[in-house]
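Peer 1: Here it is: the structure, laid out below.
The values are calculated or read from the model by the stated rules, or taken from the named source; none is laboratory data. Computed from a predicted structure; not experimentally measured. Every residue, glycine as well, gets a Cβ built from its backbone with ideal geometry; the counts of neighbours run over all protein chains shown. Surface accessibility is based on the protein's heavy atoms, side chains included, excluding ligands, DNA and RNA. Shrake-Rupley method; radii C 1.70, N 1.55, O 1.52, S 1.80 Å.
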Amino acid sequence: MVKKMERPGMILFDYGETLIREAAIDLLRGERAVFQYVEENPRHITPEEAAAFGGEIFERANASRMLGFEVHEWPMLRCKYEALGLTFSLPTEELEEVLWDGLEPGRPTEHIEELLGYLREQGIPTGVISNIGWSGRALERRLERLLPGHRFEFVIASSEYVLRKPDPVIFAVALEKAGMEAGRVWFCGDNPVADVEGARASGLFPVLYRPEGPQGVDCLTVRDWRELIGILEKQ
């Protein structure tokens, strides 16, 4: 059953397709961006070859993700590029961002900036929990770039905590950072299992963001972030 709503002391968000859309990931475009910084390429590897090899490594890493464990992007980059004999003029932490921006620059979901502005006005703090292989710092920098008017209290990337949502441990980490009881925290996400079930099992109030409409998930569902503003106005 849908848990009774109480005005939140904090709202946490998922990242992908909740705060930011990343609908057109292009492996080749990402590698072409990275190859601008190649220093050594003794085997004359092409961006096309690197993209194909990177896709294979990503699929292998997904086996761990299916078991609930996250794989950090940095060791995957080292594995890929060292196996191909490539070296770069940028350190791994910068190369990661070049690759990510090349793969998909991202854009805010519709009306999310309006919602975040409302939360700032109301003094409701926000945070992020994302199932993501990119580093936490890369995620923070992307959010700063795409949502420049907003400051999240904290950003949690599963890459740096081993476990992925819906595991309750990653929600427990967030609650410790928030300094709040679970019942005072709402969690907004687009995934019925990782976000809704994970938040509910951890005692948070789940909100499903589903622009295409409800799909039989037993929780508060919004199609538009302005709906959530209206709901909060009534609290």
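Peer 1: Could you give the length gained on full extension between Gln36 and Glu48, defined as 0.36 nm per residue of separation minus the Cα-Cα distance, in nm?
Peer 2: Gain in length upon complete extension: 2.9 nm.
Peer 1: Starting from the Cα gyration tensor of the range 1-109, take the square roots of the eigenvalues, sort them a ≥ b ≥ c, and report rounded, prolate or oblate (rounded when a/c is under 1.5, otherwise prolate if a/b is larger than b/c, else oblate).
Peer 2: Prolate shape, in that a/c is at least 1.5 and a/b is the bigger ratio.
Peer 1: From a point 7 Å beyond the Cα of Ile124 in the direction of its Cβ, which residues of the range 168-195 have a backbone N at a distance under 13 Å?
Peer 2: The answer is 184-189, whose backbone nitrogens lie closer than 13 Å to the label point.
Peer 1: Starting from the Cα-Cα distance between Thr87 and Glu227, subtract it from 0.36 nm times their residue separation and give me the gain in nm to one decimal.
Peer 2: Extra length from Thr87 to Glu227 when fully extended: 45.5 nm.
Peer 1: How far apart, in nanometres, would the label points at Arg78 and Val173 be if each is projected 7 angstrom from Cα along the Cα-to-Cβ direction?
Peer 2: Computed distance between label sites Arg78 and Val173 equals 1.9 nm.
Peer 1: Compute the normalised compactness of the range 65-134: alpha-carbon radius of gyration over 2.2 N^0.38 Å, N being the residue count.
Peer 2: That works out to 1.56 for the range 65-134.
Peer 1: Next question, about the same structure. Could you check which residue among Met66, Met76, Met180 shows the biggest mean-square fluctuation in a GNM of the chain with a 10 Å Cα cutoff?
Peer 2: In the Gaussian network model the winner is Met66.
Peer 1: How much accessible area per residue does the chain have, counting only protein heavy atoms and a probe of 1.4 Å, in square angstrom?
Peer 2: In whole numbers, the chain has 49 Å² accessible per residue.
Peer 1: Taking springs between alpha-carbon atoms closer than 10 angstrom, which of Ala24, Ala182, Ala33 fluctuates most in the Gaussian network model of the chain?
Peer 2: Ala24
Peer 1: How large is ³J(HN,Hα), in whole Hz, for each residue of the range 218-235 in order, when computed from phi with the Karplus curve 6.51 cos²θ - 1.76 cosθ + 1.60 and θ = phi - 60°, using x for Gly and Pro?
Peer 2: Values, residue by residue: 7, 6, 4, 10, 10, 8, 9, 4, 5, 4, 5, 4, x, 5, 5, 4, 8, 6 Hz.
Peer 1: Something else: Helix 112-122 versus the longest principal axis of the chain: what is the Cα-based angle in degrees, 0 to 90, to the nearest 10?
Peer 2: Helix 112-122 and the main axis of the chain meet at about 50 degrees.
Peer 1: Oh, and also: As a check on your grasp of the helix formula, calculate [θ] at 222 nm for the chain: sum -39500 (n - 2.57) over DSSP H runs of n ≥ 4, divide by the residue count, round to the nearest 500.
Peer 2: Calculated mean residue ellipticity at 222 nm is -12500 deg cm²/dmol.
Peer 1: Okay, next question. Full extension from Glu94 to Gln215: what is 0.36 nm times the residue separation minus their Cα-Cα distance, to one decimal in nm?
Peer 2: 39.6 nm
Peer 1: Pick out which of Ala23, Ala50, Ala61 has the largest mean-square fluctuation in a Gaussian network model of the chain, springs linking Cα atoms closer than 10 Å.
Peer 2: So, out of Ala23, Ala50, Ala61, the one fluctuating most is Ala23.
Peer 1: Now for a separate question. Accessible area of the range 106-231 with a 1.4 Å probe: how many percent of it is carbon plus sulfur?
Peer 2: Reported share for carbon and sulfur atoms: 46 percent.
Peer 1: With a Förster radius of 22 Å, plug the Cβ-Cβ distance of Glu22 and Ala201 into 1/(1 + (r/R0)^6) and report the FRET value to the nearest 0.05.
Peer 2: Using R0 = 22 Å, I get an efficiency of 0.25.
Peer 1: So, in the chain, how many Lys pairs have Cα atoms under 28 Å apart, if the pair is 8 or more places apart or on different chains?
Peer 2: Close lysine pairs under the 28 Å cut-off: 9.
Peer 1: Out of the range 1-92, which GluC sites (Glu not before Pro) are coil in DSSP terms and have no more than 14 other C-beta atoms within 10 Å?
Peer 2: Filter output for the range 1-92: Glu6.
Peer 1: Treating only the Cβ atoms of Lys and Arg (+1) and Asp and Glu (-1) as charged, compute the dipole magnitude of the chain about its Cα centre; round to the nearest 20 debye.
Peer 2: Dipole of the chain, to the nearest 20 debye: 660 debye.
Peer 1: Also, I was wondering about something else. Regarding the range 123-187, what's the average projected area of the Cα-atom convex hull, expressed in nm²?
Peer 2: The Cα convex hull of the range 123-187, projected and averaged over all directions, gives 4.5 nm².
Peer 1: Calculate the dipole size of the range 51-103 relative to its Cα centre from +1 charges on Lys and Arg beta carbons and -1 charges on Asp and Glu beta carbons; express the result in debye to the nearest 20.
Peer 2: 280
Peer 1: Which one, Val222, Val193, Val128, projects farthest toward the positive side of the charge dipole computed for the range 128-235 from Cβ point charges (K/R +1, D/E -1)?
Peer 2: The one lying farthest along the dipole's positive direction is Val128.
Peer 1: Sticking with this one: Considering only DSSP states other than H, G, I, E and B, which GluC sites (Glu not before Pro) in the range 129-235 qualify as loop sites with at most 11 other Cβ atoms within 10 Å?
Peer 2: Glu181, Glu212
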